[in-house]
Amino acid sequence: MVGAGLSGAVIGRKLAEAGHSIVVCDERNHIAGNCYTERDSDTGVMVHVYGPHIFHTDDEEVWSYVNSFQTFLPFVNRVKTTSGGRVYLLPVNLHTINQFFGKTLRPDEARDFITSIAESSIEDPKTFEEQALKFVGRDLYEAFFKGYTVKQWGCSPTELPASILKRLPVRFNYDDNYFFHRFQGMPENGYTEMVERILKHDRIEVRLSHRFTRSDTHDFDHVFYSGPLDGYYDFELGRLGYRTLDFERFNYDGDYQGCAVMNYGDLGVPYTRITEHKHFSPWEKHEKSICYREFSRACEEGDIPYYPIRMADEKALLERYVERASAEQQVTFVGRLGTYRYLDMDVTIREALDTANAYLGSLAGQAKLGAFFVTP
């Protein structure tokens, strides 16, 4: 298992329980990948070192799986945003609409009002901006979507596909739960302890600060690779595009913002959001606080890749890497980096469980597991 994050840990555990001897290696000096958490010795706050990870899913099997390794306690993500010097609720809902426009609209009235200000002349939106204007109109778009999107993706919303804004970004009720999923929570003692328990098996050996190279593949019956797909081939065809994140960490004596996540939609504010980590564990009480200002930029060599860009140029290059990878006989590419897709944690775990089952099935004479269980 190349990578000691969720993909490597879950696949490794499943195969170890089936009797296989597993080596899990990672370049970093810790397990759990980007969902790594650690408790700050000064404040006692559980810190999401690579930015916050909030678990949410409708997959009951995945929810049971994570709870078998760590107790998940209730956490509902209620995001706020600062725009034009005022604080609003996200996602845009009935309270946001009434506050922003100074109205007291009921749901049906708000729906009619938004329809009246939306740009109905856009019949087939091609870009992110056109999609937003068609759905919510220019005022809400510029207040809550435009600036944040420019900072997050480093380009104009006119250059991004409409598919990024997949659904109507407005709720005509007062629901400010950021996610729709049935199961939502946070691990009581952090994600690191959860992954540590997944990896705790007599047949699993963990090697940290260990760099895997392509030549090492032949030392194993099979390799599950959750590192960057282009990195496996030493970027020989070029580098796939990613956005990375920089975090400006600061301490505060007290409660800095009163919520876990505060977005900043104005272009004049260089960061996209501030996260206050003690609020991700609402069952704990801490006098002091740790916050992150979050900045998004283009990923360069040596940076941690976070979000795949998947624009036209990247998709063309991805196709070439997928074609090359498809010839591999004993390597399966998994996870966010291995398949160059944005994956939430629950989807990552679901695909890891399914991939492990597919591999065990292939050993039992069923369909052969190829380079991808899910093709990018």
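Here, each number is a calculation from the coordinates, and none is a lab measurement. Since the structure is predicted, the reported quantities are computational estimates derived from the model, not experimental observations. A quick note on method: Cβ atoms are made from the backbone with ideal geometry, for glycine too, and the neighbour counts reach across all protein chains shown.
Working note: Karplus 6.51/-1.76/1.60 with θ = phi - 60° gives the stretch 265-270 the couplings x, 6, 5, x, 9, x Hz, where Gly and Pro are set to x. Computed from label points 7 Å out along Cα-Cβ, the spacing between THR244 and TYR174 is 4.5 nm. Of TYR252, TYR88, TYR271, the residue with the greatest mean-square motion in the GNM of the chain, using alpha carbon springs below 10 Å, is TYR252.
Within the stretch 256-304, the GluC sites (Glu not before Pro) that combine a DSSP coil assignment with at most 12 other C-beta atoms in a 10 angstrom radius are GLU287, GLU300, GLU301. Taking the number of Cβ atoms within 10 Å of each Cβ as an exposure proxy, the fewest-first ranking of TYR306, TYR264 is TYR306, TYR264. Beyond 24 Å in Cα-Cα separation lie the following of the pairs LYS103/LYS151; LYS166/LYS315; LYS200/LYS368; LYS200/LYS278: LYS103/LYS151; LYS200/LYS368; LYS200/LYS278.
In the chain, the calculated helix contribution to ellipticity at 222 nm averages -8500 deg cm²/dmol per residue, counting -39,500 (n - 2.57) for every DSSP H run with n ≥ 4. Sorted fewest first by neighbouring Cβ atoms within 10 angstrom, PHE235, PHE179, PHE135 come out as PHE235, PHE179, PHE135. Treating r as the C-beta distance of ASP313 and SER362 and R0 as 25 Å, the FRET efficiency rounds to 0.15. Model label points for ASP255 and ASP139, set 7 angstrom from Cα along the Cα-to-Cβ axis, are 3.1 nm apart. In this simple spin-label approximation, THR71 and GLU38 carry label points 7 Å from Cα along the Cα→Cβ vector, and these lie 2.6 nm apart. Across the stretch 90-100, coupling constants 3J(HN,Hα) worked out from phi with the 6.51/-1.76/1.60 Karplus curve, θ = phi - 60°, read 10, x, 4, 10, 4, 5, 4, 5, 5, 5, 5 Hz, and Gly and Pro carry x. For the stretch 289-306, take each phi angle, set θ = phi - 60°, evaluate the Karplus expression 6.51 cos²θ - 1.76 cosθ + 1.60, and give the result in whole Hz per residue in order, putting x for glycine and proline. Those phi angles translate into 9, 10, 10, 10, 8, 10, 10, 10, 7, 5, 6, 10, 4, x, 7, 7, x, 10 Hz.
The ranking of THR375, THR192 by Cβ neighbour count inside 10 Å, starting from the fewest, reads THR375, THR192.
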